[in-house]
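Right, one structure below, let's go through it.
What follows draws every value from the coordinates through simple rules; no lab data is involved. This structure is a prediction, so every number in the text was calculated from the model and none was measured. When we count neighbours, we look across all protein chains shown, and the Cβ atoms used for this are built from the backbone with ideal geometry, even at glycine.
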Amino acid sequence: MPYSLPKLPYDNDALAPVISAETIDFHYGKHHQTYVTNLNGLLEGTGLHDMELSELITSGLERLQKEKRTPVFNNAAQVWNHTFYWNCMKKGGGGAPTGKLAEAITRAFGSFDKFRELFTKAAVGHFGSGWAWLAKDAGGNLEVFSTANAATPLAEKKTPLLTCDVWEHAYYIDYRNARAKYVEAWWNLVNWDFVSKNFG
Ligand code: FE
């Protein structure tokens, strides 16, 4: 079975005005779909379609011919990262986390505000295309960092908790080149229930 584009967890206008329906139509409908289509094309005849996407990214690449590994990784990771990104947001999101996640963030970064500042810096300061992440390492420690292009914490055996897509295609329709404005507004969409669930 080829991979398919997962359904969005909300309508395409649900995140407006922070992220417009037009951005969703392009970002989800065109970019995310293209990664799925490319991935399926690359995997044709390999028999690897039956793997979970996360398994393909973390351990499936070695089963591919060498020259296919990088393009498969790039497209598979972009499919996974985008699905994760959509789930990190919801209509009426934002605010601050509660419970165990809030305690862990305060322990790791000093305060929620300090965490938000670090994450914002990682997102806005990242050079070129990429992603900002809150992730948990194998020892359970929380980390904030950015990754370039398709790179994903999954591949480093880390558990992603929250991400912000900082590729230009995420914001150029609504914010032009103003990435900082996009990231500032993006905080109002964060789905902390989803982040808490990832934290476990
Ligand atoms: Fe994107």
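Things worth noting here:
- Partners of residue 100 within straight-line reach, counting lysines whose Cα lies under 27 Å from its Cα and excluding those fewer than 8 residues away in the same chain: 90, 91, 114, 121, 136, 157, 158, 197.
- Cα shape, segment 27-142, gyration tensor, a/c 1.5 rule: prolate
- For segment 112-157: rounded, prolate or oblate by the Cα gyration tensor [a/c cutoff 1.5]: oblate
- Sorted from greatest to least, the principal axis extents spanned by the alpha carbons of the chain come out as 49, 40, 29 Å.
- Packing-based ranking, highest mean first, of 135-141, 152-158 given that Cβ atoms within 10 Å are counted: 152-158, 135-141
- Net dipole in debye of the chain [+1 Lys, Arg Cβ; -1 Asp, Glu Cβ; about Cα centre; nearest 20]: 360 debye
- When peptides 41-47, 124-130 are sorted by average Cβ neighbour count within 10 Å, with the highest value leading, the order is 124-130, 41-47.
- Computed about its Cα centre, the charge dipole of segment 1-56 is approximately 80 debye, with only Lys, Arg, Asp and Glu carrying charge at their Cβ.
- Taking a ≥ b ≥ c as the square roots of the eigenvalues of the alpha-carbon gyration tensor, segment 100-192 is classed oblate because a/c is 1.5 or more while a/b is no larger than b/c.
- Helix-only mean residue ellipticity at 222 nm for the chain, each DSSP H run of n ≥ 4 adding -39500 (n - 2.57), per residue, nearest 500: -12500 deg cm²/dmol
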